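No lab work stands behind these numbers, since they all come straight from the coordinates. Treat the numbers as computed from the prediction; the structure is a model and nothing was measured. Here Cβ is always computed from backbone atoms with ideal geometry, including for glycine, and neighbour counts include all displayed protein chains.
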Amino acid sequence: MLHVPLKASAPQSVDPSPPPDPSQILGLGLSHRRRKWILRAILLPVLVLAVGAVGLFIVRQHAPVAPHFEMAEVSQGDLRVTITATGTLSARDTVPVGAEISGRVIRVLVDYNDKVEPGQLLAEIDPEQYRARREDAQAQLALAKAALLSAQATLRESDLKVRRLRSMRSAGLSSQQDLETAEATLERSHASLTNAHAQITSAEASLKVARSNLSKTIIRSPITGVVLERSVESGQTVTSGLQTPVLFTLAADLAEMRLAVKVDEADVGHVQPGLPATFTVDAYPSRVFDSTVLKVKNMPTTSQNVVTYETRLSVNNTDGLLRPGMTATATIAIESKKDALLVPSAALRFSPELPGAPSAPVAGGGFSIGRLMPPPPGGGPRQPPSNDKAPPEANASRIFILRGERPEPVLVEVSATDGVRTAIRGPGIAPGVRVILGEDIASLK
């Protein structure tokens, strides 16, 4: 058996250098002085970066912020100052027509919306009993006249008798007693005559009442207008007592109507007769109707502690679209300015922080307009620049414009406002001038 010697494998190469020692990397095996320099070389850049980051953060927190404002331009145009009030439309003249006597209605000759003329027959009450009363009054008058004739005859007779007795008494042919009796009879005849005249007057008055009541059985229209309401039917019995029963409600020509609105006590001082106004109604929401202020009542109306004054407006209704009872919203023009300089009213409400006042914090950044102002020389609290003192007039106010990056106040005179825009005038104010409305907080976040 042969033995073949195996070839010995070549020995693998081995790195004679030992693995790195961590202590050598950190320099622990080095001298103390060398280790100190290595630590400084590693830690110093880290410390510089950390200090720089903190400093940058602090600088950014306290760095001055450029001003950001909401701006608007001064415009020129017309300004119309108005107040708004609600009320109800009504006919110019509304006349209730009632029955002055009692009785049964035998005829009704008009209905709703019918046009009527003065004297036109509207309804009739049964006249039978009133005719009888008229005839009775006529008879009583005739009796009174007959009594007057009798009294006059008696008076003439008594007068003749007294004259005859006086003549006989002078001749001694009659006694004194007979003369006195005749004179008393004459006086009674005078009284009877006076009573007869009074009876005639009373009978004539009764006859007038009877004739008047008979005429009232016919209900006639007192005006030219239209029937708004009918409250009676044929065959119905009406009773006239302490309160007259209303049979019809008539309105004067609806071509001219009235609008009664309630004006708040805060606005009533501006409302005067003759002011123009407009109004709308729900029936025609897209149409605006014209009107004019007629008068303002002095008697107030209080409802839920709110004081209002009734104001009457005239309304032209020639087209017949408006009806009594419609609810209307009126707009009264109390002042008008032509070609005025106009700014948004928000410009008059804007004001930077007052001197010495703490800055008002703003959500998200603690920003206030006071930070936009550079500190004055020598330190102290920031103060906004000012070229004015207290307003010299009651209608003076202040707006702010930008001078560079700083808001600067300008005194202006306010003449009128509609709540959205305000008419002003002042030095340097012209169309196109940009005024500050407020802080643009969104741009500061």
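Couple of notes before you dig in:
- Taking the number of Cβ atoms within 10 Å of each Cβ as an exposure proxy, the fewest-first ranking of Ile83, Ile399, Ile42 is Ile42, Ile83, Ile399.
- The convex hull defined by the C-alpha atoms of the stretch 254-337 has an orientation-averaged projected area of 6.3 nm².
- Selection among Leu122, Ala171, Ala142 by position relative to the dipole of the stretch 100-238 gives Ala171 as farthest towards the positive end (Cβ unit charges, Cα centre).
- Each of Val246, Val48 was scored by other Cβ atoms within 10 Å of its Cβ. Listed from fewest to most, they are Val48, Val246.
- By the count of neighbouring beta-carbon atoms within 10 Å, fewest first, Glu180, Glu413 end up ordered Glu180, Glu413.
- Pairwise Cα inverse-distance average, inverted: Kirkwood Rh of the stretch 100-238 (Å): 19.4
- Members of Lys216/Lys295; Lys216/Lys297; Lys115/Lys295; Lys208/Lys297; Lys161/Lys208 lying beyond 31 Å, as alpha-carbon distances in this model show: Lys216/Lys295; Lys216/Lys297; Lys208/Lys297; Lys161/Lys208
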